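Comments concern the structure below.
The values are calculated or read from the model by the stated rules, or taken from the named source; none is laboratory data. The structure displayed is predicted, hence computed values, not measured ones. Every residue, glycine as well, gets a Cβ built from its backbone with ideal geometry; the counts of neighbours run over all protein chains shown. Heads up: the accessible areas ignore ligands, DNA and RNA and are worked out on the full protein's heavy atoms, side chains in. Shrake-Rupley method; radii C 1.70, N 1.55, O 1.52, S 1.80 Å.
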Amino acid sequence: MYNHMLDGIRANDHRALSRVITSIENNQGLTDEFFISVYKYSTNAIRIGITGPPGSGKSTLTDQLIKLFLEHSKSVGVVAVDPTSPFTGGALLGDRIRMNRYIWEENVFIRSMGSHGDLGGLARKTQDVGDVLAASGKDIIIYETVGVGQGEHDVAAAVDLTIVVLVPESGDEIQLMKAGLIEIADLFIINKSDRDGAGRLAQLLQNILHTANVAEQSDPPVINTIATEGKGLNELYDSIEEYLTNMRSNGLFDANRLVKHRARVLGLVQEKLLDKFWTSEKLAVLSQETHSIDSIKLSPYEISSAILKNE
Ligand SMILES: Nc1nc2c(ncn2[C@@H]2O[C@H](COP(=O)(O)OP(=O)(O)OP(=O)(O)O)[C@@H](O)[C@H]2O)c(=O)[nH]1
Ligand SMILES: [Mg+2]
């Protein structure tokens, strides 16, 4: 059965890809053996994360980037991850509107994934989906995710290059620092630069980045774009290429991948242990010990000890 699925993936059969991704989303009986066989073919793809506030233009930018990658004879897989949405399968409305022109294009595959209320598993699933798309031969995998909370960190942990999208309204220095996006960005975009304040924000950001840069590496580039008009997109494309070339030549590309690889293994081990641990008996103890408001008189330490006593 896995050979059949793997053949479909390797043949870039988009229906097969859809089916496999749905199985991953629903945790439907895919074994380690399957993921191991997919992984073998997945390491050549470059993974790019695009994150930023809701409505900042991530999908419009992704759409424009797809066009540029195609022009450079590169195939693209897109995973639009929305941790706040329970909807999955096919595209979310906004993405569908902007990206459906690629629906018959065999070198582009776009898929949205929601959380299913299961945030923990989402990070793993998006990585698995990335592997599947990579194994289908896509040169570039783009993860689009809303930067609200954990999602952007999960994406940053899974990619070779993280792009943070801001808009002129993204605010002052304190807001930018608080948003926690500074640390994860390899490259900044100030989109909607047709609006007031884009130049000012770019300047402010460059100052912050320069001050924060203690490692004496070059500061992350800040690029102004108007995604709806395609403006600044060539510059963005060139910056992506340049970033990857530099990372490769100074060895950081591989070092970065290795760190992330290790983190992925760690996460997987934790998830497997947890899955194994929470047997129905233990879940029964948990619900027994926490079934009424009186339960809060018992210390969490006491209850957890009771659950862990035979470990
Ligand atoms: N004025 C202006 N509008 C833009 C620009 N880029 C995108 N938009 C518009 O901004 C709106 C949101 O764009 P999206 O690409 O859906 O933004 P997003 O970040 O993917 O949104 P979510 O996925 O919902 O978080 C759309 O109406 C776009 O047409 C821009 O450069 N200038
Ligand atoms: Mg979007």
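When LEU308, LEU286, LEU266 are checked against the criterion of being open to solvent by 100 Å² or more (accessible area, probe 1.4 Å) and modelled with pLDDT of 90 or more, a single residue qualifies: LEU266.
Of the residues making up segment 126-161, those that are more than 24 Å from VAL38 (Cβ to Cβ) and away from ligand 2 (no atom under 13 Å from the Cβ) are GLY149, GLN150, GLU152, HIS153.
Note on segment 50-77: residues that are more than 16 Å from ligand 1 (Cβ to nearest atom) and either closer than 26 Å to SER170 by Cβ or part of a helix (DSSP H, G or I) (or both) amount to 3. Of the candidates ILE189, ILE182, the single residue that is of a type in the set (A, V, I, L, M, F, W, C), within 23 Å of the chain's Cα centre (by Cα), under 21 Å from LEU161 (Cβ atoms) and open to solvent by 20 Å² or more (accessible area, probe 1.4 Å) is ILE182. Given the criteria of a type outside the set (Val, Ile, Thr) and at pLDDT below 90, does ALA158 qualify? The answer is no for ALA158. Put simply, of SER59, SER42 the only residue that is modelled with pLDDT of 90 or more, buried (at least 21 other Cβ atoms within 10 Å of the Cβ) and within 16 Å of ligand 2 (Cβ to nearest atom) is SER59. In the condition set (1) open to solvent by 10 Å² or more (accessible area, probe 1.4 Å); (2) on the phi < 0 side of the Ramachandran plot; (3) away from ligand 1 (no atom under 13 Å from the Cβ), GLY251 is compliant with all but (2). Considering segment 83-130, and only residues there that are modelled with pLDDT of 75 or more and among the acidic types (Asp, Glu), the residue that is most open to solvent (accessible area, probe 1.4 Å) turns out to be GLU106. Flag: ILE24 matches the condition of being crowded, with 16+ Cβ neighbours inside 10 Å, more than 16 Å from ligand 2 (Cβ to nearest atom) and not charged (D, E, K, R).
The residue that is nearest to ligand 2 (Cβ to nearest atom), among those in segment 45-56 that are surrounded by 17 or more Cβ atoms within 10 Å (Cβ to Cβ) and not small (Gly, Ala, Ser), is ILE50. For segment 192-237, the tally of residues that are away from ligand 1 (no atom under 16 Å from the Cβ), hydrophobic (A, V, I, L, M, F, W, C) and either free of Cβ contacts under 8 Å to residues at least 12 places away in the same chain or over 19 Å from THR162 (Cα atoms) (or both) stands at 3. Checked against (1) within 16 Å of ligand 1 (Cβ to nearest atom); (2) of a type outside the set (A, V, I, L, M); (3) modelled with pLDDT under 85, GLU183 passes all but condition (1). None of LEU236, LEU258 is in a helix (DSSP H, G or I) and surrounded by 14 or more Cβ atoms within 10 Å (Cβ to Cβ) except LEU236.
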